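Visitor: Pasting a structure below so you can have a look.
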Amino acid sequence: MTDDSVSRILTFIHQRNPEVGELGLDDDLIDRRAVDSLAFVEFLYLLEELSGETIDPEEIDVEDFRTLRRISERFLAGVAH
């Protein structure tokens, strides 16, 4: 997990949903409604940009997006910024 990647994810979330407030690595993003369905495709593009990999929507699980920690483990492991 890189601080830069997490910072960019948090910036994305707060720009689109400023009411969400502070988020920790283990806060449940789904329960907090941090990313709505309209912004989800943009969120996937951000993760692809950060990871340098294409994300196949058929190979993801909602649990992959539950926390910042899980997002980092699933999509950003080994990414150096």
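Each row is one residue, and each column tells you yes or no for (1) over 19 Å from LEU25 (Cα atoms); (2) of a type outside the set (S, T, N, Q).
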| residue | (1), (2) |
| --- | --- |
| GLU42 | yes, yes |
| LEU46 | no, yes |
| GLU49 | yes, yes |
| ASP61 | no, yes |
| ARG69 | no, yes |
| SER72 | no, no |
| PHE75 | no, yes |
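Visitor: To continue, here is another question. Pick out the one residue from GLU73, GLU53, GLU49 that is at negative phi, exposed (fewer than 12 other Cβ atoms within 10 Å of the Cβ) and among the acidic types (Asp, Glu).
Guide: Numbers: GLU73 fails: exposed (fewer than 12 other Cβ atoms within 10 Å of the Cβ); GLU53 fails: exposed (fewer than 12 other Cβ atoms within 10 Å of the Cβ).
Exactly one of GLU73, GLU53, GLU49 is at negative phi, exposed (fewer than 12 other Cβ atoms within 10 Å of the Cβ) and among the acidic types (Asp, Glu), namely GLU49.
Since every read-out is calculated from the coordinates, none of them should be taken as a lab result. What you see is a predicted model, and the numbers here were worked out from it, not measured in a lab. Virtual Cβ from ideal backbone geometry, glycine too; neighbours counted across all protein chains shown.
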